[in-house]
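Each remark here refers to the structure printed beneath this line.
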Amino acid sequence: MIRVSVVGAKGRMGATVVDAVKNAPDTELAKALDAGDDLTQITPENTDVVVEFTVPAASLDNVLALVNQGVNVVVGTTGWTDEKLARVKEALASHPDVSVFIAPNFAISTVLAENFAAQAAKYFESVEIVEMHHPNKVDAPSGTAIHTAHAIAAARKDAGMGPIPDNTQTDGGSRGQVVDGIHVHAVRLRGLNAHEEVLFGNPGEQLVLRADSFDRSSFMPGVLLAVRHAGENPGTVTVGLDNYLDL
Ligand SMILES: NC(=O)C1=CN([C@@H]2O[C@H](COP(=O)(O)OP(=O)(O)OC[C@H]3O[C@@H](n4cnc5c(N)ncnc54)[C@H](OP(=O)(O)O)[C@@H]3O)[C@@H](O)[C@H]2O)C=CC1
Ligand SMILES: O=C(O)C1=N[C@H](C(=O)O)C[C@H](O)C1
């Protein structure tokens, strides 16, 4: 059995992970901790891998503490930047037996949509991203939308494409946040869970890629997949569930 501890265990995602870990045939719950709890309770003696779903403001410190405790970490919390990733790599240099895995999104529909978007990117002049979430979400745009924008921008750059056509002369904020040259729009609406559309345009045609997570159960197969792969690449940070899919 894989011994899994959960940090952020009382949150919407953490509580769902606790149930998933209890119900999977090959995992068992070790520690379930939340805000205010002492992370030093989690050690290699009681835990094979920690799943961390907290808040962007806390996640880096949690991951650094867990790496220093010598346990593998699977992270779903958003807010990761190159600077934060560099801090984790630095910590792993002193703990070469520990691995960290971070996924902006664990839902297969969204991971596939992002992969398809990166493939489509070089064929379309225009592209914009619309992400739509429940109104309890604290960050905007979503971590997934930022990750998708970076993937599309990288594909456009590789293909030698220029800037996206846009003749906007005045903008009171309606054009969204520009991430790596891509406009990203965030909707917060009661009734929604997690949804993303990537809109591609060419003269006379449009492609829309849309992924819908209607329920947090959609993230659990991906979380368990990452848990089962934890520790495979010691001393490294791996980003993206696509690393564990046959794409
Ligand atoms: N990668 C993916 O597939 C997905 C990622 N997410 C991301 O996961 C994160 C969590 O989302 P969600 O579960 O909805 O958020 P919630 O606010 O429901 O849960 C966060 C939990 O973390 C707790 N917490 C806050 N600070 C700490 C800390 N320092 N140490 C331990 N626990 C802490 C909170 O406690 P308290 O409320 O008392 O502060 C709360 O119980 C977000 O960043 C979200 O974007 C969400 C869905 C899927
Ligand atoms: O807060 C959420 O709910 C979600 N957060 C992640 C993100 O910001 O991309 C993943 C998913 O969209 C749900």
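The values are calculated or read from the model by the stated rules, or taken from the named source; none is laboratory data. Fair warning: this is a prediction, and the values are worked out from it, not measured in the lab. Glycine also receives a Cβ, built like all others from the backbone with ideal geometry; neighbour counts cover every protein chain displayed. All accessible areas refer to the heavy atoms of the entire protein, side chains included, with ligands and DNA or RNA removed. Shrake-Rupley method; radii C 1.70, N 1.55, O 1.52, S 1.80 Å.
Listing for the model above:
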item	result
Leu112-Asp19 pseudo-label distance in nm [points 7 Å out on the Cα-to-Cβ vector]	2.4
Summed side-chain charge close to Phe124 - residues other than Phe124 whose Cβ falls under 15 Å, Lys, Arg +1, Asp, Glu -1	-3
Taking N as its residue count, the alpha carbon Rg of region 11-131 over 2.2 N^0.38 Å	1.23
Choice from Thr16, Thr170, Thr43 with maximal GNM fluctuation in the chain (Cα, 10 Å cutoff)	Thr170
Chain lengthening between Asp158 and Asp180 when straightened (0.36 nm per residue, less Cα-Cα)	6.6 nm
Lysines with Cα under 26 Å of Lys122, excluding same-chain neighbours fewer than 8 positions away	Lys157
Accessible carbon and sulfur surface of the chain relative to its total accessible area, %, 1.4 Å	51
Pairs of Cα atoms farther than 22 Å apart, region 108-214, %	28
Mean projected area in nm² (Cα convex hull; one quarter of hull surface) for the chain	14.3
Proximal lysines to Lys10, defined as alpha-carbon separation beneath 17 angstrom and excluding residues fewer than eight positions away on the same chain	Lys22, Lys31, Lys137
Label-point gap, in nm, between Glu83 and Asp171 - each point 7 angstrom along Cα→Cβ	2.3
Cβ-derived FRET efficiency at R0 45 Å, Arg228 paired with Ser126, nearest 0.05	0.70
Computed over region 108-214: relative contact order in percent, which uses C-alpha pairs under 8 Å that are six or more apart	42
Neighbourhood charge, 14 Å Cβ-Cβ cut-off, centred on Pro96 and excluding it, Lys, Arg +1 and Asp, Glu -1	-2
Cβ-Cβ FRET estimate between Ala93 and Lys137, R0 fixed at 35 Å, reported to 0.05	0.55
Top positive-direction residue, dipole computed over region 108-214 with Cβ charges, set Gly204, Ile108, Val138	Val138
Part-to-part distance (alpha-carbon centres) for region 1-70 and region 170-224, which is given in Å	29
Environment charge of Val63, counting only residues whose C-beta is closer than 14 Å and scoring Lys/Arg +1, Asp/Glu -1	-1
With Cα atoms, 0 to 90° folded angle of helix 12-23 axis to the chain main axis	50
